[in-house]
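K.L.:
Let me begin by handing over the structure; questions about it come next.
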Amino acid sequence: MGNTDETTSERKAPSILHLVKQVQYKAYVRLESVLQPLGVTAVQFRILTTLSTRPNVSSAELARLYDVKPQTMIKQIALLEAKGLIDRQVSRENKRLLELSLTKAGRTALEQLQTDTQALEAELLQPLGEREQEALRGYLARLLESLSAVVVDAEEHDDAEEFTQEYRRPGVQRL
């Protein structure tokens, strides 16, 4: 028998970026299955959540916040409105602006969705003890803060060419 087979201890550890992406993907698939019975996608759930904390925002503001084209956001808004989950009203301050808000049905649906997603989170984190969950949350928060600091640094320093294009654009991760 040759030494061509690597033992488990000799194998290279998987990339953290790969592991994070795999966990994110599998969690996303599970999230979609939890949201599906109420006929809402993960994107629509995020929009509903945003509207619950930022009522009377316009679709244009949502598009900028989520870093999507206004046409893309309008499609999602139309779907949510057709489901009776959101409403559009003419702004009192600017008659050319339509503001979005949750309907009563939207608030009820969001409450159920939040309950279901919290249960999913508890299920996904079940293999970790309470302290491990707290540590993981802390690590992820620190990484997010660190990455957000890179965004600020890139915006303040024009010589940070490698970060400029990617990190200057507005995105959903900066909520």
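The values are calculated or read from the model by the stated rules, or taken from the named source; none is laboratory data. In this text, all values refer to a predicted model and were calculated from it rather than measured experimentally. With ideal geometry, Cβ positions are generated from the backbone for all residues, glycine too; neighbour counts draw on all protein chains shown.
K.L.:
Sort through 131, 137 and tell me the only one that's farther than 22 Å from residue 50 by Cβ, among the basic types (Lys, Arg), in a helix (DSSP H, G or I) and modelled with pLDDT of 90 or more.
P.N.:
Answer to the selection: 131.
K.L.:
In the set 87, 67, which member is closer than 15 Å to residue 107 by Cα and charged (D, E, K, R)?
P.N.:
After ruling out the rest, the residue left standing is 87.
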